[in-house]
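Below is one structure; the comments refer to it alone.
The values are calculated or read from the model by the stated rules, or taken from the named source; none is laboratory data. The structure presented is a predicted model; accordingly, all values stated were derived computationally and were not measured. Cβ sites come from the backbone with ideal geometry, for glycine too, and all protein chains shown count toward neighbours. We work out accessible area using only protein heavy atoms, side chains counted, and drop any ligands, DNA or RNA first. Shrake-Rupley method; radii C 1.70, N 1.55, O 1.52, S 1.80 Å.
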Amino acid sequence: MRFIVLRWLAVSERLVALLSIFPFAAASFASTKPRYGGVLRVELLASSTTLDPRAWKAGSRDFGTNERLAALVFDRLVALDNYGRFVPQLATEWSHDASSRRWQFTIRADVKFSDGSALSAADVAAALAPLLPEDLKVAATGNSVVFQATEQRADLLELLASGRFFVFRAQPDGSLVGTGAFKLEEAGKGTRPAAADSPSVAQTSLQRLNFAANELCWAGRPFLDAIDVTLGVPPLRALFDLQVGKAELVELAPDMVRRANQANTRVWASSPLTLYGLRFDDAQPQTTNEKLREALSLSLDRMTMAGVLLQKQAEPAAALLPQWLSGYAFLFHGETNVERAKELRVSLPANVAGGASPLRLQTDVSGDLARLLAERVVVNARQTGISMQPLGKAHDGNARTADPAELHLFAWRIFSLSPGEELRSLAKAQRVEEAKEGNLSDPDRRYAWERKILEERKLMPLVALPDYAGLATTVRDWQPSPWGEWQLADVWLEPAQAPKTTAPPNSAPNGARP
Amino acid sequence: MSFRTKLFWVFLVTMLVSVSIVSYAVTHYSRAPFEEIDRERTEALVAQFQKEYAQRGEEVGRQLDNIINSELTARMAIDLANPNADQSLYFRDAVGMAQEHGLDFVEIVNFQGTLISSVQYPARVGYKEDWVTQVSDWHEVAPFLRKEELPDGSDLSLSAVRTYPVEKKNLYIIGGKRMDRHFLASLVLPAGMRALLYRNLDPTFSAAEIVDSNDTLQNPERLEPLINQIRKQSQPLVETVNWTGNAADAETFHSIPLLGRNNEVLGALLVGSSQRELVLLKRKISWLAAIVGVSALFVGLILTWWISRRITRPIEELADGARDVASGRWDRHIDLRGRDEVGQLAGAFNEMTQTLASQKERLVQAERVAAWRELARRLAHELRNPLFPLQITVENLQRARQLSQDQFQEVFNESTATLKAELSNLNAIVNRFSDFSKMPTPRFTKVRINEALRDAMRLFEPQFNAVGKPPVGTELFLGEGLPEIDADPDLLHKAFQNLILNALDAMPAGGTLKLRTSGQDEKIRIEVSDTGKGLTPEECSRLFTPYYTTKQLGTGLGLAIVQSIVSDHHGTISVSSEESRGTTFRIDLPQRQPGVLLKPAVEEKKSEGEEPARATAAANQG
Amino acid sequence: MICVNWTNHEAVSETRSQQLKSVFVEELQGKQSDPATATGNCVVSVFLERTPAKIVVTADVENGRDARFFFATIPRAGIPAENVATSVPRLEKELLWQQTERVLDALFVRRGNGASDRLIVLQKEVLVVYEKQADGWKAAQAKPLGEASVMQRAPRGELSFSLDQPERVKIVFAGKSCQASLNDASPLVCQQSTEPVRAGMLLASACDSRVWWLRASGGDSTTPDKLELVNSSVPQGQIAATELAMLGPIVSISSGEALRADTAVVFNLATGNYEIYRIALACSQ
C-alpha cells in the first residue's frame, strides 16, 4: 500500500501541473490605499526582552515576544507567506543539491543596515553561524552563503524562514544593527548598558522600546513612523488601554479574550503555539512505573482544561506538535478513562502512587495559567487515587521542597516552522533521549519518534494555546501569520476619529485559527 | 501539765483553728464569686461569639441574596438551564462575584450539581457537588461551617447557599467568609480573657491551626490534649492548662465545639480565662492567714499568760489553800476579791475553813470524847476480862474458907496464881495503855529502811517456821539504792513489828508475808502484805481506830500505834484488802522531815545540842 | 475490493481535492492486481492537511486489526491558489404562479422527455396539480385533503418529491404525512408521523459540484425575507455567500428538480398574493 501512496504522490506532482490550468489569483487586499505616518502603540505582557537572537532560549514563552520585536529591526534570508510560498527576503534565490545537504543562497544586493553600512554575504554568515544547529554549517562565498548539512535538510527553508535566524551585525559597542523596516531608537527607563563583551542590544528590565522607521529599508520605508512598545503591561490593563485608545495593539492573555470579545474588541488569534504538558523526572525511581504513567495519562481531563478552565481559548492537545505544524496530530488521541485509570492505580504498590508521600508536581513556568493547569492535574490524579501535590514555581523562589519533584509541568512555545527541528528541540529541552530515527525532516520518522515518546509517556501533552492580540479599528492591513508573526512592517494606521475598538461584524482577519 | 499551760494551749489552738477556719472560708467562698464572675464572663464572650457568628452568617446570606438578585445571575441561570449551554462562559464569574460582594469563597453549581465556577479552587470546575442539590430549600438552612478544599490545603468558612430557580432547575451559589483571626478580632475581650479558634482541618492536631487574634499564644502544643478531646467527643469542655510551673500562669479554657452541617467537628472556640487573680488572691489570703496565725500565736502567748494569771492565780491560791487545809491548817484564808465565780469560790473556801476551824475544836472535842468513850469502853472491855477471873477467884477464896486447911491451901495457891496472872494481865493492859499514851516524839535520824525492815523481820523469824504451826513464807522486794530517810529508828521498828505481827496474825493457816520497799517522788513506800483472809471494806475503814481489832485477843492498839508513828513521821498509811486474798498495808514516808537537817546515818552523831532542835521539830508536829 | 475514505481538512479546495482523489483511486485501482497489496477488505483513509509550507498527506491503511500510517508532503507553493474566494454564486428567481388563496407549499417539477412540467400547489384544503400548457398552467388534479386538511391559525404543510417516484408526492403536516398520486384522482393516504419541519432546502450549482443550503432570513410575516445561500456543511452558519431579497415573508422552500432548482413560496406584502418562484443558481465567472 505504501508503494501506491508514494506512487500517487509522485503522480500528484504531475497533478500539480494539471492543476495549473486554473489561473492563479492573488488574494484580494483591502482596496483602501495605505497611509504613511503615525505611531503604533504596542503593549506586551512580557516584562523583559532581548533582541539578540543568540540569547534566545528555544521553546521559552518569551521567544515569541523577542521574535516579534526582532522582526522589526532584522530580516531573514527568506520568509513564508500565508499561502505556503517562500518569499525572498535578504536572499533572492536559492538552490540545493540532490541530497538537500548543500544549499546556496544568493544575497540581495544593495541592502544596507540601518546605520548605512552595506550588507555582505559575510555578514549573513557571521550572523547565522552561531544560531545554526550542530549539523549545519554556513560559509560566505562571494555574494552567496552556502549551507552544508551532514544529512539531508529538506526543511532548511522552513528553518531559515522562522525562529532566530535573523541577519544582524554586532557593533563594537555590543549593539546589533539590522536591515529591517525599523530601527531601535530608544530603550526606556531601567535599561542597563550592555556589558563590553555582551552583544545584546539591551538585556534586562526594559520597560519601553521605541522603534523608528528605517528610511534605508530595502523593502521600502514602512508606513508607520514609529512603533512604541511598552513591556510588562498587566493583561487587564492592556485590554483597558486598548479600549480607551491608549494603545492600538496589545497582547492579550487567554483569560482576557472572552472579555475582549464580549466588549466587541477586535481580537486576533494565532494557531496554537504554546504547548502545556507534563514530564516525568526519569531520575525518580517510582516515575519509571509504566502503569503509573498510564494511569495518570488516562486521568487527565484535557477537554475540561481547554474548554472550561481556559474557556475554550485553548485546544486539548494529544500530540507534541500541533496539527497545523505536523499535519498528523489528529492521529494521536488523548484518551480520558477514569475507570481504567482507577483500575491501574489499584494494581500499583502503595509507595508508587504517592501512598506514603504525595507525588510532587513542579510547575516549571510561572503564571496563573500554569498554576491552574497544575491544580487541575492534581485534582484529576486524586480522583483516581494518585496522591499528588502541586509545588510552586521554582523560578520565583516560591516554596519548594529540597527533594526534586517527580513530575513537571512545562510550557513550550513553537519557534520554528520546521517540525523536525521543533520536535528535536522540544525533546531535548524536556530531557527525552535523542531520536534514533535519524533525519526528522522525514514525516514517517518524525511521526514514529513522536509516537514513541507519547506511547512511552515520556511527555504528556495537555493543552495548546494560541497567541492572542487585541487591535484597534485604526490598525489596517493587519496580516499576521498563523504562526504568530505580526508583520508590522505592512501595517498602517487609519487616522483616528474616536477611539473605537469595535470590529465590523464577520470580519475574519487573515491568519485566523483553522 | 499545769492549768496555765493547758489554758495557753487551748487558747492557742482556739485561735489557730479560728484563723484556719476563717482563712479556709475566705479562700473557699471568695473562690466561688471568682468562678461565678469567670463563668459569667465566659458566657458573655460565648454569647458575643455566637452573636458575631450569627451576624456574619446573616451577612453572608445577605450578600448571596444580592448575588442571586443580580442581573448577571439571572442571565447565567437562564442560560445554564439550557442543556446545551456553554458553561465555560461562566468559569471566572465567581471571582467577580466574590470581589464585588466582599466574600472570600464563592462557588457556582448548576442544576446537575456540577461546579461551574470557583474562587477558591478553580481547577475543580466540572466536578460534582451533589450535597448542594440534596437540599430543597436552602433559605431554611442557617449559615454553616464548611471545610473549603484549596489547592494547597484547606480552610474554614462560614457559608450559605442560595438558589436561582429556572423552570424547576436551580442554579446554586455557595458563598462564605473565612473564619480567621479577623473574625476573632471583632470580639471584645475583657481583661484576663482571650479567645482562640482551632480550625479542625487536619486529621491530627496541628498547632498551626490555632488562630489567635492577639498573637499572644505561646506553647500552643499544650492545648493538644484539650483539643483532641473536643475533636473526639464534640462536647463543651472545661480544662485548666498550666503554661509554666507557676500556678498563677494557669489558664482555664472553656471549649465549645463548632459543628458543620453534618455535625462534624470543624472547629473549636477556646475561651481562656487567666487564673492569675484568683491564685494571687489565694496566696495573699494564705500569707495573711499565716501572719495572722503567727501574730495570734504571739498575742496568744501574751494574752494567755496574762489571762491565765488572772484565772489560774486565784485557782492556785485556792489549791494552796486546799493543800494547807489538807495538811491541817484549817484556819487558812484566801485573800481573793471578785464577784465572779472564782471570787465566790474563794469566799466559799474561806467560809469552809472557818467552819472547819470552828468545827475542828468540836470535832477534836467530839473525837476526844469519842476516844475517851472508846477508851473507856475498850478499857472496860479489857479490864473486864481479867477482872472476871479475879472476881471468881476471890469468890472461890471466900468459899474455900470453909474448906480444910489443905483444901484451902490448894485453893489458895490456885487462886493466888490466877490472881497474879490476871493482875499481870491487867498490868500489861495498863502498860500498853501507858505506852500508847506516852508515845514518845520521834527522834529523827538517818535510817535505812531496808535495814529497819530486815531487823524487824529477824525478830519473827522463829515464828515463820515454828513447829506445829503452818509455815509462813517470806518474800522481800526491797528496792535497791533507796536513800536514807529522816526517821526515828525505834518507832519505825515498833511500827514494823506491829505490822508484821498483824500479818502473821492474819495467816493462822500459813501463807506468805511480803515486804516491799520502793522510792518515788521523795517518798519511800513500804508495803507489808499477807495472804490472809482479807478484810471487808468496813473493817478497813475502822482499822486504824484505837482498840478496833478483828482479833479475838488483841488490844486494837497495834495499828493505831503504827498510824501514830507514821503520822509523827509525816507519812501516810493505807490499807487495801481483798477477801480471801490478803491484805496490804502501805506506808509512805517522806525522805526529809520538815525543819530537820540531819547528816547521813553513818556520820550522824546524836548530841545534846540537837535535842532542842528535835524537840522543836517534834513540837511542831502536833 | 478496496474502499477509500477521503478527507480534505481544507488543505485544498474541494474541487481540487476531488480531482486528487480521482487520481489516487485510479492509481490504486490500477495497482489492485499487485499481489503484495491485495490482502482483501483493506480500508484506506487518506487525509489532506495543510501546514504552513506543505500539504501533508496521511494514509491510514487498516489491515484487519492493524493500522499503518504513511506520510507524504506536497509543497503548497507548487499548487496554484484557486479563485474560490472570488466565485460568488448568484441566485436567480423566476415567478411561476401567484394566487390569492393561501399556499402552504409548492413544487415545480421539470419532467422533460416531452412531458409537461408540473406545479404542485398545496393549499389549506386541497392539493392542486397544475400542468404547463402552451397557454399557461392548467389544473390537472385537485385532491381534497379531507381529514388531512389543516385547521390552524398558521397552518404548515410541506411537499416532498423524489425523482425516483415522480408520480407521487408526499405531504407532511404537523403529526401526519400523506401520499398523493399525481396521475389520478385517488384520495390521499395518510398516517401518523412526526417528521420535523424543514428549515430550508439544498440547492446545487449547475456549474460546479457545489451544493449549497438555501434558507430564509427568518423575519416575521410582516417583513420581507431574504433568501440566503450558505455553506451546506454549516446550515446554521452565520455567513451567507449570497442573498436574494424577496417581496414578503417566505412561506416555504421545496425542491422538485433534484436540487438543481428550488421552489419558494412568498407572500407579497404589497399585493397580498401568494407567489411561487423557481430559484436557481446562476453560473458565475
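What the table below lists for this structure:
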item	result
Residues satisfying the stated conditions in segment B:114-134, i.e. surrounded by 14 or more Cβ atoms within 10 Å (Cβ to Cβ) and either more than 14 Å from chain A (Cβ to nearest Cβ) or in a helix (DSSP H, G or I) (or both)	B:Pro122, B:Ala123, B:Arg124, B:Trp131, B:Val132, B:Thr133
Breaking point among (1) in contact with a helix residue (DSSP H, G or I) (Cβ under 8 Å, 6 or more places away or on another chain); (2) within 14 Å of chain C (Cβ to nearest Cβ), for A:Leu278	(2)
Residue identified as surrounded by fewer than 18 Cβ atoms within 10 Å (Cβ to Cβ) and touching a strand residue (DSSP E or B) at 6+ places or on another chain (Cβ under 7 Å) among B:Asn228, B:Asn246, B:Asn242	B:Asn242
Some residue of segment A:151-167 being surrounded by 20 or more Cβ atoms within 10 Å (Cβ to Cβ), under 23 Å from A:Asp228 (Cα atoms), at pLDDT 95 or above and touching a strand residue (DSSP E or B) at 6+ places or on another chain (Cβ under 9 Å)	yes
Identity of the residue in segment B:419-448, modelled with pLDDT of 85 or more and assigned to a loop (DSSP other than H, G, I, E, B), that ends up farthest from B:His570 (Cα to Cα)	B:Arg448
Considering residues of segment C:74-95 that are crowded, with 20+ Cβ neighbours inside 10 Å and within 7 Å of chain A (Cβ to nearest Cβ) only, the residue modelled with the highest pLDDT	C:Ile74
Selection within segment B:190-223 - open to solvent by 50 Å² or more (accessible area, probe 1.4 Å) and more than 21 Å from B:Gly260 (Cα to Cα)	B:Ala191, B:Asn214, B:Asp215, B:Thr216, B:Gln218, B:Asn219, B:Glu221, B:Arg222
Subset of segment A:254-275 (residues that are away from chain B (no Cβ under 14 Å) and open to solvent by 40 Å² or more (accessible area, probe 1.4 Å))	A:Ala263, A:Asn264, A:Arg266
Residue under evaluation B:Gln99, criteria (1) more than 23 Å from A:Ser299 (Cα to Cα); (2) open to solvent by 10 Å² or more (accessible area, probe 1.4 Å); (3) away from chain A (no Cβ under 13 Å), criterion not met	(3)
Segments classed as strands (runs of 3 or more DSSP E), wholly inside segment C:122-194, with at least 2 members that are under 23 Å from C:Val266 (Cα atoms), charged (D, E, K, R) and modelled with pLDDT of 90 or more	C:126-133, C:136-144
Among residues of segment B:71-96, those that are in a loop (DSSP other than H, G, I, E, B) and either touching a residue at least 24 places away in the same chain (Cβ under 8 Å) or open to solvent by less than 30 Å² (accessible area, probe 1.4 Å) (or both), counted	3
Segment C:157-181, subset hydroxyl-bearing (Ser, Thr, Tyr) and closer than 23 Å to C:Gly112 by Cα, residue least open to solvent (accessible area, probe 1.4 Å)	C:Ser181
Some residue of segment C:139-155 being under 26 Å from the mean Cα position of the chain (by Cα) and of a type in the set (Lys, Arg)	no
Some residue of segment A:304-319 being assigned to a loop (DSSP other than H, G, I, E, B), surrounded by fewer than 16 Cβ atoms within 10 Å (Cβ to Cβ) and within 14 Å of chain C (Cβ to nearest Cβ)	no
Test: residue in segment B:428-449 that is at negative phi, open to solvent by less than 90 Å² (accessible area, probe 1.4 Å) and in contact with a His (Cβ under 7 Å, 6 or more places away or on another chain)	yes
Pair list, Cβ < 7 Å and 6+ apart or interchain, from segment C:14-31 residues that are more than 17 Å from C:Ile55 (Cβ to Cβ) to residues that are open to solvent by 40 Å² or more (accessible area, probe 1.4 Å) and aliphatic (A, V, I, L, M)	C:Leu28/C:Ile2
Strands (runs of 3 or more DSSP E) wholly inside segment A:38-109 containing at least 2 residues that are over 29 Å from A:Ala247 (Cβ atoms) and within 14 Å of chain C (Cβ to nearest Cβ)	A:86-88, A:91-96
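Okay, residues lined up against (1) without any contact (Cβ under 8 Å) to a residue 60 or more places away in the chain; (2) crowded, with 22+ Cβ neighbours inside 10 Å:
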site	(1), (2)
A:Leu209	no, yes
A:Ala212	yes, no
A:Leu216	no, no
A:Ala219	no, no
A:Phe223	no, no
A:Asp228	no, no
A:Leu239	no, yes
A:Leu242	no, yes
